[in-house]
Each structure stands twice: as structure tokens, then as C-alpha cells.
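Coordinate-derived values only; no laboratory data. These numbers come from a predicted model, not from an experiment. Here the Cβ positions follow ideal geometry from the backbone for every residue, glycine too, while neighbour counts run over all protein chains shown.
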Amino acid sequence: MRMQMEHQFAVDEILTKVSILRQEFLHLHQYNPIEHVGARVKTPTSILEKAIRRDIELSAESIRAGIQDIAGVRITCSFISDTYRVLETLTSQTDVRVIQIKDYIANPKPNGYKSLHAIIEIPVHLSTGAVPRIVEVQIRTIAMDFWASLEHKIYYKYEGAVPDHLSETLTDAAEAVARLDQRMEDLHHEVKGIESTQPSEVWHAPDISEDVLKKMWEQAQASR
């Protein structure tokens, strides 16, 4: 499907930009704020189903205008400050047109969901010329991503009808994640302060496994 192909090219363009940013931060700024990058393009079936649900005319032009998450890129960072830094760096590039930014970190969703969402448009250069295509970019911390993944699994397990006690637990967990993120941010600033008084060297944010994150999460809850 041509639409899917063009959006895959758009994703590839974003991934290239992110790869360059990672290398630049590491080699010039001696710090890599990006822990992980993932991407996906909706299948033709998924695109059509969403268009039908939204009562969108089944034409390529109408679908592209009405569905802005056909292509998606998710960037996971170590710290909250990193998410904003990556967002600013990416969206300030001259060939990136920002359509919309939603800051769910400063303004979480009612269920506790946190992330930065940027709907951006970039040119895809084809043999027939450049065409603008839209990509949704989500930027969040490791802890936010862990919570969002858990919430997503629970939501689909119960087909959207999540029991009240689980919804309350998820909300409590979101608050624990927020506390964990803040503690990690404070630690990050403290480490940077120590580094500024020592000889410069390349610093890598530690890889945090899911098991370690769970333990830190439990400790954050226990400290309430």
C-alpha cells in the first residue's frame, strides 16, 4: 500500500534524525539522553478500521488528513529534563513542521498517563518529488514507558472495561512513578554537579532493567 510505504519512509527519516542526535550528544556533549527508540507504521487494515470508526472518507487524502498517527516513533529517555531537551532539538530542525504538541508530563491524563506527544510533518523525497508526511513522536522517561506499557496491557485484557480497583491501583502506580522520576532527576542533577568539578569524561546513563525498575517503584511506594 503506497500510503503505508510513504509513512515508513517518514519514520525512517525521523529515526535517522534521532540517530544523529544520539551520536552528537554522546561525542560533543559527552552525554546521551536517549535510552531507546521504537517505531511502527499502522497496517492497511488498521488504517481502514480507524477511518471507518471515525467516519472518514476512504480516500488517501482524507485518511492522511484525519488520521495523524499512521506513523509513530517513541523515544525513551533517562530523565524528565531529557524528554524536553530531545523534543526541542528535534522540532527546531528546519525541515520539521510542528503541527501540534501535547505535554502530558506537565498535564497528565486523568488516569495518570505521562508523555510528550508531538505531531510533526517532514518531507519524504520520492522519485517524483518531495511529499510531506505526518509522524507522531512520543517522548517519555523509562519509568513513564514502564507504566504506559502496563496500563496498555491491562486496558486490552479487559477490553477497555478495567475494574475500578485496578484503575485506582494504576493511578497510585502513576503517582509512584512520578515520585521515582523526580528522585532520579534529583540524582541526575547531583551527579552532573559532581562531574562539573572533575575532569571531563564520557558519562553514560545506566541501563535500567525492568526488574530493577520494579524494585525502585516498590521503594517509592513504600516511602509514601
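Laid out as a table, the results:
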item	result
Least to most buried among 144, 1, 184 (fewest other Cβ within 10 Å first)	1, 184, 144
Quotient of Cα Rg and 2.2 N^0.38 Å for region 119-171, N being how many residues it contains	1.82
Mean separation of Cα contacts under 8 Å (6+ apart) over length of the chain, as relative contact order %	21
For 76, 141, 91, order by how many other beta-carbon atoms lie within 10 Å, fewest first	91, 76, 141
Region 33-85, Rg to Rh (Cα coordinates; Rh as Kirkwood inverse mean 1/r)	1.18
Where Cα atoms sit under 24 Å apart: lysine pairs in the chain separated by 8 or more or lying on different chains	26
Net charge dipole size for the chain [Lys, Arg +1 and Asp, Glu -1 on Cβ; Debye, nearest 20]	420
95, 69, 145 arranged by Cβ crowding within 10 Å, fewest neighbours leading	95, 69, 145
Neighbour cut-off at most 14 other Cβ (10 Å), DSSP loop, chymotrypsin sites (Phe, Trp or Tyr not before Pro), region 100-163	158
Inter-part distance where region 131-192 and region 1-20 are each reduced to a Cα centre, Å	25
Region 59-119 - percent relative contact order, Cα under 8 Å, separation 6 or more	24
Debye intensity ratio I(q)/I(0), log10, region 23-130, q values 0.15, 0.19, 0.23 Å⁻¹ (C-alpha model)	-0.85, -1.19, -1.36
Computed helical MRE - 222 nm, the chain, DSSP H runs ≥ 4 contributing -39500 (n - 2.57), nearest 500	-17500 deg cm²/dmol
